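Remarks on the structure that follows.
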Amino acid sequence: MTDIDPRFAALQARYRASLAGKRADIEQAWQALGADCSDTASQAALLAVVHRLAGSAESYGFDGIGRLAAQLDRQLEPIRGNANPAQRSAALCAMRDALARPIEDLLAELQRGAA
């Protein structure tokens, strides 16, 4: 068994400390989108946080978060790839029910990771 480099441990601790904020950002955006799927600011916030988590979580040792975020990011790809705001909103509204469980799973894993 190898010892963890203290520099990496410090980075990992900082990343862990940021997870509660990332969780709050996702939860806030998701709730706002529940009220109005066309809220472009909430769309952008959700897409950005999930995408960043998908790209970074595993690098810091949060494999469960990274896996769930990557799965969710793939589901959100058609929305992120659509430049037309009306079409993005319609796609998100149509996917809302299918996204609920993956969002809940990611929020729960973020809660565990931040603990």
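The values are calculated or read from the model by the stated rules, or taken from the named source; none is laboratory data. What you see is a predicted model, and the numbers here were worked out from it, not measured in a lab. No Cβ is skipped: glycine too gets one built from the backbone with ideal geometry, and neighbour counts run over all protein chains shown.
For the stretch 58-78, the set of residues classified as in a helix (DSSP H, G or I), in contact (Cβ under 8 Å) with a residue 40 or more places away in the chain and out of contact with any Pro (no Cβ under 8 Å at 6 or more places or on another chain) consists of Tyr60, Gly64, Ile65, listed by residue number.
Residues in the stretch 24-40 that are assigned to a helix (DSSP H, G or I) and either free of Cβ contacts under 8 Å to residues at least 12 places away in the same chain or among the small types (Gly, Ala, Ser) (or both): Ala24, Ala29, Gln31, Ala32, Gly34, Ala35. The residue of the stretch 46-95 that is surrounded by the most Cβ atoms within 10 Å (Cβ to Cβ), among those that are of a type in the set (D, E, K, R) and closer than 18 Å to Glu27 by Cβ, is Asp73.
Just give me the residues in the stretch 31-54 being more than 10 Å from the chain's Cα centre (by Cα) and not charged (D, E, K, R), in sequence order. Within the stretch 31-54, Gln31, Ala32, Leu33, Gly34, Ala35, Cys37, Ser38, Thr40, Ala41, Ser42, Gln43, Ala44 meet the criteria. If the condition is being at pLDDT below 95 and hydrophobic (A, V, I, L, M, F, W, C), then the stretch 8-27 contributes Phe8, Ala9, Ala10, Leu11, Ala13.
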